[in-house]
Amino acid sequence: MAGEFKLAGVMGWPIAQSRSPILHNYWIEKYNLNGRYVPLAVQPERLADAIRGLPALGFRGCNLTMPHKQLAMTMVDSVTDTAKRIGAINCIVVGDEGKMSGTNNDGNGYVLSVQEIAPRWKPSDGPIAILGAGGAARAVVVALLERGAQEIRLINRTFEKAERLAREFGRAITPLAWDRRADVISDVALLTNATNQGMIGKPKLDISLDRLSKATLVSDLIYVPPETAFLAAAKERGNVTINGLGMLLHQARPAFEAWFGILPDITADLRKTIMDTFKT
Ligand code: NAP
């Protein structure tokens, strides 16, 4: 272990649930780096003070998680166009003279997680159906549009939220009412659950897959549990399925590289290490 000590972390409130410290410290140890990634419990009203303090404390940067992703965007020196479109940042990099830049790797992480399982799939391949229109859905929509998606069916319980996204992002987005969800997925290339339904402690996602083609890739942003009832039902029908762990891992790689100078690998052992932390 050599060189200057490098520090990064994740700000959230609460923060104990975040697996990012386990993930980044796994890589720090694997690559024998002199550094640490720490959980930072920051109350929303202290966020500006905490962000302003990063350069003085010697941080290379940090991740942001709930509920800071939107507000933090207004507290850094520059924000990438992608993050502006998403309306949130999940990563800060401290640069020369303490200047802070904000990025959002969530949507890119999602696309890479699908391509890891289905390397030939492209967002432009065919219609995409997304269930949900919250913060995560927004990041996914932006990444898909930036990579050529032509038709995204956005199906949300609160229809007005899907409509708002369609107005903002244009004609490639078709907002659809929640009660149409089973009818509008028959011909899609990719079907994604971006709601919180199916997460541990929540009811399972209520959708019939009877009309789904076997060729449709089916993904869920959830990774606790690793296989939601929705993914299990799709797999049972013969569809290829993708859970949300890949999104978490793929968004972390470029952040780690920006802070620690190495683009780290995603391995089966890393996946197991993260998932083992959810075992009781
Ligand atoms: P959010 O902004 O709170 O959005 C929640 C979404 O779930 C909204 O579309 C909401 O619909 C919908 N929903 C809630 N209850 C519902 C119900 N009973 N029936 C149907 N829809 C319902 O949350 P988020 O940040 O977008 O997160 C969404 C999911 O993505 C979570 O499970 C989260 O864990 C996951 N996620 C994963 C990653 C990753 O790295 N894998 C990253 C971020 C998020 P309404 O608009 O009608 O309320």
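The values are calculated or read from the model by the stated rules, or taken from the named source; none is laboratory data. All values reported here derive from a predicted model rather than from experimental measurement. Because the Cβ atoms are built from the backbone with ideal geometry, glycine has one as well, and the counts that use them run over all protein chains shown. Protein only, heavy atoms only, side chains kept; ligands, DNA and RNA dropped before computing areas. Shrake-Rupley method; radii C 1.70, N 1.55, O 1.52, S 1.80 Å.
Being within 14 Å of the ligand (Cβ to nearest atom) and open to solvent by 30 Å² or more (accessible area, probe 1.4 Å) is the filter here; which residues of segment 135-152 pass it? Of everything in segment 135-152, those that are within 14 Å of the ligand (Cβ to nearest atom) and open to solvent by 30 Å² or more (accessible area, probe 1.4 Å) turn out to be G135, A136, R138. Any residue at all in segment 69-81 that's in contact (Cβ under 8 Å) with a residue 12 or more places away in the chain, in contact with a helix residue (DSSP H, G or I) (Cβ under 8 Å, 6 or more places away or on another chain) and acidic (D, E)? No: segment 69-81 contains no residue that is in contact (Cβ under 8 Å) with a residue 12 or more places away in the chain, in contact with a helix residue (DSSP H, G or I) (Cβ under 8 Å, 6 or more places away or on another chain) and acidic (D, E).
Of the helices (runs of 4 or more DSSP H) contained entirely in segment 158-277, those carrying at least 2 residues that are touching a Phe, Trp or Tyr at 6+ places or on another chain (Cβ under 7 Å) fall at 245-260, 268-276.
Among residues of segment 158-176 that are under 13 Å from R138 (Cα atoms) and more than 15 Å from the ligand (Cβ to nearest atom), none has a beta-carbon under 6 Å from a residue that is charged (D, E, K, R) and open to solvent by 90 Å² or more (accessible area, probe 1.4 Å) at least six positions away or on a different chain. Among the residues that make up segment 227-245, is at least one of them of a type in the set (K, R) and either open to solvent by 50 Å² or more (accessible area, probe 1.4 Å) or within 29 Å of L64 (Cα to Cα) (or both)? Looking for residues that are of a type in the set (K, R) and either open to solvent by 50 Å² or more (accessible area, probe 1.4 Å) or within 29 Å of L64 (Cα to Cα) (or both), one finds at least one in segment 227-245, hence yes. I185 fulfils the conditions (1) closer than 30 Å to P264 by Cβ; (2) crowded, with 16+ Cβ neighbours inside 10 Å; (3) in contact with a strand residue (DSSP E or B) (Cβ under 6 Å, 6 or more places away or on another chain) except for a single criterion, (1).
I'd like to check something: does segment 14-23 contain any residue that is part of a strand (DSSP E or B) and open to solvent by 10 Å² or more (accessible area, probe 1.4 Å)? Walk me through how you get there before you give the answer.
Looking only at segment 14-23, we keep the residues that are part of a strand (DSSP E or B), and these are none.
No; the residues of segment 14-23 include none that is part of a strand (DSSP E or B) and open to solvent by 10 Å² or more (accessible area, probe 1.4 Å).
So which residues in segment 188-226 are surrounded by 15 or more Cβ atoms within 10 Å (Cβ to Cβ), within 16 Å of the ligand (Cβ to nearest atom) and polar (S, T, N, Q)? Hits for segment 188-226 are T192, N193, T195, N196, Q197, S219. No other residue among N63, N90 is within 10 Å of the ligand (Cβ to nearest atom) and either within 30 Å of V240 (Cα to Cα) or not charged (D, E, K, R) (or both) apart from N90.
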